[in-house]
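Derivation of every value follows stated rules applied to the coordinates shown; laboratory data play no part. Values in this document were obtained by computation on a predicted structure and should not be read as measured data. Because the Cβ atoms are built from the backbone with ideal geometry, glycine has one as well, and the counts that use them run over all protein chains shown.
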Amino acid sequence: MQRGLFDRSTITMPVTNEMIEREKNCIGITAERKYYYVDNTFIKRSLRPHEWQLSKFKGTTHVPRQSNERLLNEAACLRYIRDNSNIPVPRLYCAFEDDNAVILVTEYVRGVGMNLLDESQRATVVQELEGHLQTLRRLKSSVIGGPSGHVVLPYRASRISYRDDWNLRSSTTEEFVFCHNDLTQTNVIVDPDTLKIKAIIDWEYAGFYPEYFERRFFERHGPSSAMDGEVDDSQKLVQFVQSMVRYYHISWSARYDNPRLTTCRWQKRSPTQGTHLTPLRCARSRNSIFIWEILPFGLRAVSY
């Protein structure tokens, strides 16, 4: 039997950040990533299950969400942006999976983060950045998600959504534009002398979405989510994605000895109710009503 990511044999006791092994050339470890610098090459690796860390604040093990998918998506985005625009991004060398982890290898871009510049210098950088945003808006698709085929919601939306396996329908027109979705000052690398943008980095959450998904987080210090006094649009983003869930129609009938049991038909799946299907007519027996649910492994009948 093939072992999955959550096979019991892969689960070990949780560790803290300080307990994780730091290999040669490892320059940093977070709750979701390991980072390496080797000969002008920058490497990001997702954590393996035995490296998942114990949260000091919650006392539970932090399981990174879509950790591998996000790195695969970033690799596809770097390739796509380099092939279809003049936006400066790190050169992609390779991306591959190994032992329940994804390893992303790119060029190391020298420079400083936009966040380290003074106000007048940042204003100069914003002028160039506006041009790159216009370029992104000209890249369009009728399919939601990244060029990798993965749908990785922006961080601010994924925080309030417990779903990662989005199966979304396409649009009839190319109405979705390419969005970085994590465009903070720290993700804009600048030449400190010329103030030219050397590279825009961290494309893990990027893909084709409605234009309003791209928030201008680079206009202030801080993360790619609403801060005090700012409008929080995360619920709006999740509601849109839920409205694009692909609907399924199921017809089901069966013959039983019980004459009171009748044929069932089912409504299309409700995007606000996950995988639960609402019956148009329930199958009735003498004492029960049977409701069917679609689960990842098949159908389940629930008796009420």
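For D83 and Q134, the FRET efficiency from 1/(1 + (r/R0)^6), where r spans their Cβ atoms and R0 equals 25 Å, is about 0.85. Ordering R122, R65, R138 by the number of other Cβ atoms within 10 Å of each residue's own Cβ, fewest first, gives R138, R65, R122. Here K34 is the anchor, and the lysines within straight C-alpha reach of less than 16 Å, apart from those fewer than 8 places off in the same chain, are K24, K44. Taking a Cβ cut-off of under 14 Å around H62, the surrounding Lys, Arg, Asp and Glu residues balance to a net charge of +4, with basic ones at +1 and acidic ones at -1. Each residue of region 115-169 gets 122 Å³ once the volume of the Cα convex hull is shared out per residue. In sequence order, region 159-164 has phi-based couplings of 5, 10, 10, 9, 10, 10 Hz under the Karplus curve 6.51 cos²θ - 1.76 cosθ + 1.60, θ = phi - 60°, and Gly or Pro positions carry x.
Annotation: lysines with alpha-carbon distance below 25 angstrom to K140 (same-chain offsets under eight excluded): K198, K236. Put simply, region 110-243 fits an ellipsoid with semi-axes of 28, 17, 12 Å; these come from the alpha carbon gyration tensor as the roots of five times its eigenvalues, largest first.
I want to make sure I understand the PRE zone here: with the label point 7 angstrom from the Cα of S170 toward its beta carbon, which residues in region 224-247 have backbone N atoms less than 17 Å away? In region 224-247, the label zone of S170 (backbone N under 17 Å from the point 7 Å along Cα→Cβ) covers 244-247. Region 91-129 to region 60-88: how many Å between their Cα centroids? That distance is 12 Å.
Over all pairs of different C-alpha atoms in region 157-226, the reciprocal of the mean inverse distance, the Kirkwood hydrodynamic radius, equals 14.1 Å. If each of V231 and R163 carries a label point 7 Å out from its Cα toward its Cβ, how far apart are those two points in nm? Reported label-point gap for V231 and R163 is 2.5 nm.
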